[in-house]
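What follows draws every value from the coordinates through simple rules; no lab data is involved. Remember, predicted model here, so these are calculated numbers, not experimental data.
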Amino acid sequence: MEREEVAPGTTIVREGEPGDRFYLLFAGMLTVTQRDLGNRRVLRPGDYFGEVSLTMGMPRTASVTAITPAVVASCDRATFDEFLRPLFADD
């Protein structure tokens, strides 16, 4: 996984764009918004995002933007498929 520091106001993923990374929030707060529904929730350390696009092969379903300075870690699709996808699978 790659660690990244994110400044407030930075959009990490944008609704409608192709998804190629999975993210885990280590520090700070992020907001999740959707064009048609507005603000959906606030993400806090320990929360993750980006799995819907990778598991379902569809564009991003929401935008995620930093509210405060934040630290995220992310992995690419291949790493997600190998190590994390099984955690999201229904048995």
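Do you know the relative contact order of the chain, to the nearest whole percent, from alpha carbon pairs under 8 angstrom that are 6+ apart?
Answer for the chain is 44 percent.
Under the 0.36 nm per residue contour assumption, what length would be gained going from the current alpha-carbon distance of T68 and E4 to full extension?
Here the answer is 21.7 nm.
Once P(r) over Cα pairs in 5 Å bins from 0, in percent is worked out from the coordinates, which option in [x] 3, 15, 25, 25, 21, 9, 2, 0; [y] 3, 16, 25, 23, 14, 9, 6, 3, 1, 0; [z] 3, 11, 12, 13, 16, 15, 11, 8, 6, 3, 2, 0 does it equal?
[x]
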